[in-house]
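**Student:** Let me begin by handing over the structure; questions about it come next.
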Amino acid sequence: MDIFLQFDFPSILLGVFAALSCGLLGNFLVLRRQALMGDAISHVVLPGIVIGFLFSHATASWPMLLGAGGAAIVSVLLIELIRRLGNVEPGAAMGVVFTTMFAVGVVLLEQTQTAGVHLDVEHALYGNLESAIWLEAYSWRDLFNLSALSALPEDVKLLAGVSLVLIVTVLAFFKELKITSFDPLLAASLGISPQIFGLLLIVMVAVAAVAAFSAVGSILVIAMFICPAATARMLTDSLKIQLWLSSLVAVFAGVAGYLAAAFLPPMLGFDGSVSAAGMIAVVAGLLQLAAMLFAPRYGVVWRRWHLQRSS
Amino acid sequence: MTSTASLHSVTHNGRRTDHEAAAANPFTVQGLTVAYHQKPVLWNVSFSAPVGCLTAIIGPNGAGKSTFLKAALGLIPKLSGETSVFGAPIKKQLARIAYVPQRSSVDWDFPATALDVVTMGLYGRIGWLRWPGKRHRAAAMQSLAAVGMQAFAQRQIGQLSGGQQQRIFLARALAQDADVYLMDEPFAGVDAATEKAIVDVLHQLVVSGKTVLVVHHDLETVRDYFSHVFLLNGQPIASGAVEDAFTPQNLQKAYGGRLASTQLQGLAAAAPHKA
């Protein structure tokens, strides 16, 4: 049990918080038809990450997240500026800004000699979920022991903090996020600015993507922005319930995915384990598939059955 | 309300005229110019909605009717122009305005019920950091009943017919309890029964002293539904009571060659002959 608590538990926490923060925001991205924004924004924020890193000299840190948020704001403003001044369509303006920001990030990386730090390809794809350890933990009671909790890996604490901030922000501005996603014209006519809440969403997405990215890699980040939200959408017609369900799906995928990665291969007679981040994404994908097939009312099976019965 | 106003008029003569001028001008647009990519859509449009009247904004496709509403409300960028609502800049008077966008401007697959959408009309006055409560849902329910849609309150909006969706939008505007109603094509793609129901509600609004402005497409029904018209084609062509402004000459000016002369005569012939 100690071993589970010290080596597996912190990794599970990491996966759960990463899945939760991305999964929650994914609801609004999917509804606004900006599902791949999470992917795009994780490139745009590179210069912000590098600058944040120069201040903090750590990969998982609040300065880095601030840098990411700042870079997201700069890129959204640049897109708007180019769109208005250059008379080009939004897609083209985004393409120009995204690639330029990423290029600036690469140059910054080179020039500041931070290139060697943890930003290699393997790391970026799969993350390092498994490397989280909590050696100060001896029993489950340590979960309520502040000094033991403070010895949790920095990654875990940061992602927990990010999750909390994001959940509170979404709860606080739920009705504004809802109305600006559904009917931006009405929102504007009521004095609720769609631009400001669009920007808030993008900044939150950037922060969540960057916080989760360094821990779990880009596969899981992209999967988590889309799968839990899309799964939950099949199951309910209420946005409020959809937010809860998607959070539940994200947490379940985090726990089940890690456990399956760590314990399933040995049980099946294979040596070692598989990538936890990859497995979490697989579980999320399977849940989505199940929902698409079997969800009441929106599932393929249900609709077939209903069609047959009514004909 | 009325008694305080008359009290003021006794004590401050100067303010009385201000009050009256403001009350007489629920929605006034001055010198509105809008361009998309350097191509002007609206050119120096000025218009004042007649108070307590039902006015149709008519003009050919691409005349800038929807753009006029959006730009006047400040929802899209404009090159110049001011909008005042009851004598004050519109930015300060948003609570007195209810705007109904085109039905096609939103995604009806959105996870929301009819009641959810109507409740959104109240978001402006719920205030920051608050969620809609029982009181707001009850008010939304009343508005739904006013358009005969209370039975559909818990229905997901995508499962409603076009006419029902338009009624939901109307109910949302009613929930806003405004003084000025601006509607963008509320009759687009609705069934005859819904059209009748919407017209009835609009007439009730006017009877209770509200000012209603509707972007309208169907010239055949202008005389039946509206008391005033505003003809627009990039520039303002004419505005006023239907008898005065809805004339073959003005229609010809607004629509150019797009209306056949037989059509024009038909529309003119529908005029009541009092002489």
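**Student:** Show that you can apply the helix-only estimate: for the protein assembly as shown, add -39,500 (n - 2.57) for every DSSP H stretch of four or more residues, divide by all residues, and state [θ] at 222 nm to the nearest 500.
**Tutor:** Value at 222 nm, helices only, nearest 500: -18500 deg cm²/dmol.
**Student:** Can I ask one more? Could you tell me which of B:Ala35, B:Val190, B:Ala63 has its Cα farthest along the dipole of chain B towards the positive end, charges placed at Cβ (Lys, Arg +1; Asp, Glu -1), taken about the Cα centre?
**Tutor:** It is B:Ala35.
**Student:** Please enumerate, by chain and number, the lysines with C-alpha under 25 Å from the C-alpha of A:Lys175, excluding those fewer than 8 residues away in the same chain.
**Tutor:** A:Lys240, B:Lys70, B:Lys91, B:Lys92, B:Lys134
**Student:** Next question. Students often get this wrong: which residues of region B:156-196 have the backbone nitrogen under 15 Å from the point 7 angstrom along Cα-to-C-beta of B:Thr221?
**Tutor:** B:162-168, B:170, B:183-196
**Student:** Give the residue from B:Leu251, B:Gln164, B:Gly234 lying farthest towards the positive end of the charge dipole for region B:132-275; charges sit on Cβ (+1 for Lys and Arg, -1 for Asp and Glu) and the dipole is referred to the Cα centre.
**Tutor:** B:Gln164
**Student:** How many partner chain Cβ atoms sit within 10 Å of a residue's Cβ in peptide A:247-260, on average, as a whole number?
**Tutor:** Average per residue, whole number: 0.
**Student:** Collect residues whose amide H, placed 1.01 Å from N in the peptide plane, falls under 5 Å from the amide H of B:Gly81; neighbours closer than 5 in sequence don't count.
**Tutor:** Residues meeting the amide H criterion: B:Thr33.
**Student:** Once you've got the GNM for chain A with C-alpha springs shorter than 10 Å, pick whichever of A:Thr99, A:Thr231, A:Thr112 has the biggest mean-square fluctuation.
**Tutor:** Looking only at A:Thr99, A:Thr231, A:Thr112, the largest GNM fluctuation is found for A:Thr112.
**Student:** On full extension of the chain, what length is gained from A:Ile167 through A:Asn87, given 0.36 nm per residue of separation minus the C-alpha to C-alpha distance?
**Tutor:** Length gained, A:Ile167 through A:Asn87: 25.1 nm.
**Student:** Where the only charges are on Cβ atoms (+1 Lys, Arg; -1 Asp, Glu), what is the dipole of chain B about its Cα centre, to the nearest 20 debye?
**Tutor:** For chain B, the charge dipole is close to 700 debye.
**Student:** What helices in chain A pass both tests, a Cα length along the helix axis of 20 Å or more and a mean Kyte hydropathy of 0.5 or higher, using whole DSSP H runs?
**Tutor:** Going by DSSP H runs, the hits are A:9-31, A:62-86, A:90-111, A:154-172, A:194-235, A:239-267, A:276-294.
**Student:** Then there is this: Which one of A:Val249, A:Leu235, A:Ala58 has its Cα pushed farthest toward the positive end of the charge dipole of region A:2-304, where Lys and Arg give +1 and Asp and Glu give -1 at the Cβ?
**Tutor:** A:Leu235
**Student:** Taking the highest mean first, how do the peptides B:62-71, A:259-268, B:135-144, A:10-19 order by number of other beta carbon atoms within 10 angstrom per residue?
**Tutor:** Per-residue mean Cβ counts within 10 Å order the peptides as A:10-19, B:62-71, B:135-144, A:259-268.
**Student:** Right, next: Note down the magnitude of the dipole of region B:54-204 about its Cα centre, charges +1 on Lys and Arg C-beta and -1 on Asp and Glu C-beta and zero elsewhere, to the nearest 20 debye.
**Tutor:** 540 debye
**Student:** Report, as an integer, the average count of C-beta atoms from other chains found within 10 Å of each Cβ along A:175-181. Provide the component values of the computation, followed by the final result.
**Tutor:** Working: counts 11, 3, 0, 8, 8, 1, 4.
What the average comes to for A:175-181 is 5.
**Student:** Between A:Val107 and A:Phe294, with labels modelled 7 Å along Cα→Cβ, what's the label distance in nm to one decimal, could you check?
**Tutor:** According to this spin-label approximation, the distance is 5.4 nm.
**Student:** Does the protein assembly as shown classify as rounded, prolate or oblate by the C-alpha gyration tensor (a ≥ b ≥ c root eigenvalues; a/c under 1.5 gives rounded; else a/b over b/c gives prolate, otherwise oblate)?
**Tutor:** Prolate is the answer for the protein assembly as shown, as a/c is 1.5 or above and a/b outweighs b/c.
**Student:** Can you pull the mean other chain C-beta count within 10 Å for peptide B:107-114?
**Tutor:** Shielding by partners across B:107-114 averages 6.
**Student:** For region B:103-117, in order, what is each residue's ³J(HN,Hα) by Karplus, 6.51 cos²θ - 1.76 cosθ + 1.60 with θ = phi - 60°, in whole Hz (x at glycine and Pro)?
**Tutor:** These are the phi-based 3J(HN,Hα) values: 4, 6, 7, 10, 8, 6, 7, 4, x, 8, 8, 4, 5, 3, 5 Hz.
**Student:** Place a +1 charge on the Cβ of each Lys and Arg in the protein assembly as shown and a -1 charge on the Cβ of each Asp and Glu, then give the dipole magnitude about the Cα centre in debye, rounded to the nearest 20. Walk me through the numbers before you get to the answer.
**Tutor:** Working: 38 positive and 35 negative charges, 377 e Å.
Rounded to the nearest 20 debye, it is 1820 debye.
**Student:** List every residue whose amide H lies under 5 Å from the amide H of B:Ile76, counting only residues 5 or more places away in sequence or on a different chain, with H placed 1.01 Å from N in the peptide plane.
**Tutor:** Those lying under 5 Å, H to H, from B:Ile76 are B:Ala71.
**Student:** So if I take the centroid of the Cα atoms in region B:173-239 and the same for region B:86-159, what is the distance between those two points in Å?
**Tutor:** Region B:173-239 and region B:86-159 have Cα centres spaced 19 Å from each other.
**Student:** Separation between the A:Asp271 and A:Val301 pseudo-spin-labels, each 7 Å from Cα along Cα→Cβ, expressed in nm?
**Tutor:** For A:Asp271 paired with A:Val301, the spin-label model returns 3.9 nm.
Values quoted throughout were computed directly from the atomic coordinates according to the rules given, and no laboratory measurement underlies them. These numbers come from a predicted model, not from an experiment. We place every Cβ from the backbone using ideal geometry, glycine too, and count neighbours over all the protein chains shown.
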